[in-house]
Amino acid sequence: MARAYLGGSGERLTVWISVAASTVLIFYGYDQGVFGNVIISEDFLHTFGYPSANMQGVMTSIYNIGCFIGAMSTIWTGDILGRPRQIMLGSTIIGIGAIIQTASYGVAQMMVGRIVAGMGTGMNTATAGVWQAETSKMSSRGKLVIIQMANCITGFSISNWLTLAFSFAPRDIAWRFPLAFQLFFTFCIYVMCPFLPDSPRLLIRKGKHEEALEVLAALEGHGATPESASVRTQYKIIKDILDREHMNTYTWGELLSGKGPSGVLRRMILGAWMQAMNQISGINVTSYYMSYIFINALGISELLSRILAAAGSVDYLVFACLAYFVIERYGRRKVMMVSAFACSMCWVIIAIALGLSANGGNEYKLGIVAVSFFFVFFASFGMGVLGVPWLYPTEINALEMRTKGASLAMSTNWIMNYAVVQVTLPGIQNIGWKFWIIWAVICASFIPVTYFFYPETANRTLEDIDRFFETGPGIFVHRNKLAVQLHRPAEFIEADDRIARAEAAGEKDGSVKSEIVETKEAV
């Protein structure tokens, strides 16, 4: 029997890994929402000397600089520590940052706490998705990442409701307790991660073959052992791809200059820009500053703004959960394009409503329209532009480069996040309703970018994606059947069948070296 981790194997083990990875995203979602609600507290503003809008923006956005540093650091530490230990380290750092923030009495101290907590969040978000993707089956990989993102919005919703509840608490408890609550998630990570397995793909790459077979058997379940034929076949498929890529023989300079295996740089750019699209959609204009926008752009009272922001987070959560039912059925490309179109339309209507209001229109009725379409935007974003960019970099990057590619993608996410959060408050103050047109145009641009450049990754194994790029596809993929068809291509099914037959016949590892030539000929 395979070893059981945290009391489970097979599907139960996948669920436990998903719970741990989702806790990371709840943690991230909570951090996204909590500070934007803290900075409108009267006691907070008094404690920090009533900082200007620009300073409030810096205090909020500096967190993303920490996230950028943390995500970049996993390029070097992610493979050394492994997935579970990297997440434990990140959660510990977030806990330290939470303590510093909770104890803050000055702007400088708060900024240090924000940077430290951000570093831990960057480490965690660069790791959790890769860990989930590398330990889940092809048919459930997208759904599990969508569950993670739904849990991210759960954390965001918790932060909104908790800060609303504590807004009635006396003095500094109203904002110190919500900041301290981050420690709860650190303790949750400590309870789970030490007892869960590392990625079998990473273990094979590090030469820990026996441990990798043990983990593959545990993930397979149904009484599988390291000697089972299905486990050995999966092991050989992964090892064969790694042997062909042999990226450890290439320097970073050679990889980035195009001298390494086919498609590496292109795949890293695709993953990184997909994450950029997640942030420059304008989502963090709302998730960080929803209460601020309702107060300062729409003239709503503080209490009602908090209630609307909390209600909006529930709307966001519901539609993030509904994405579970479409991500595999319709694929990454179609879901991303439809969601981006809907987001763009929401920004257009919000801009029109606020523009008419600013030029003498009925402020009350037009305010209702604007608030309503902020809610519709949350729904539209949650159905696609939320989850696809978090899933895609974990799938598209080469097997050997998945950690580095995901780290670069998350670093891109965080630096774009910083830029968006930094410009929001001055943008609202200085250009008013025209600020929202920017996000409408950007969201609309996602449609042609996705259509022309992004291959489908749904209904493919991670090894299938490696095989696709080995065929040397052109930059434009919209007419490439292998790239855009939703069902798994027959050529890749046949490639796996050949390896399975070779394993069943008792052939040695070297007998499958010609598989890549056969696959190219088939394609």
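The values are calculated or read from the model by the stated rules, or taken from the named source; none is laboratory data. All values reported here derive from a predicted model rather than from experimental measurement. Side chains included, ligands, DNA and RNA excluded: accessible areas come from the protein's heavy atoms. Shrake-Rupley method; radii C 1.70, N 1.55, O 1.52, S 1.80 Å.
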Rounded to the nearest Å, the spacing of the alpha-carbon centers of the stretch 116-170 and the stretch 438-482 is 26
So what's the projected area for the stretch 99-214, the Cα convex hull averaged over all directions, in nm²? 9.3
I'd like to check one number: the per residue accessible area of the stretch 330-413, probe 1.4 Å, reported in Å² as a whole number. 30
What is the helix-to-structure angle for 83-102, meaning the angle in degrees between its Cα long axis and the longest Cα principal axis of the chain, kept from 0 to 90 and rounded to the nearest 10? 10
Translational D in µm²/s for the stretch 134-188 (Stokes-Einstein at 20 °C, 1.002 mPa s, Kirkwood Rh from C-alpha pairs): 161
Between 0 and 90°, nearest 10: helix 229-245 axis offset from the chain longest Cα axis: 80
Report, in degrees rounded to the nearest 10, the 0 to 90 angle that the Cα long axis of helix 402-431 makes with the longest principal axis of the chain. 20
Of (i) 4, 16, 19, 16, 16, 15, 10, 4, 1, 0; (ii) 3, 16, 22, 19, 16, 12, 7, 3, 1, 0; (iii) 4, 19, 29, 25, 14, 7, 2, 0, 0, the label for P(r) over Cα pairs in 10 Å bins from 0, in percent derived from the coordinates: (iii)
Can you give me the % of accessible surface on the chain that is carbon or sulfur? Probe 1.4 Å, all protein chains present, nothing else counted. 66
With a 1.4 Å probe and every protein chain left in place, work out the accessible area per residue of the stretch 20-116 in Å², rounded to a whole number. 31
If you average 1/r across every pair of different Cα atoms in the stretch 297-436 and take the reciprocal, what Kirkwood value do you get, in Å? 17.0
Helix-only estimate, please: 222 nm mean residue ellipticity of the chain, summing -39500 (n - 2.57) across DSSP H runs of length 4 or more and dividing by its residues, to the nearest 500. -25000 deg cm²/dmol
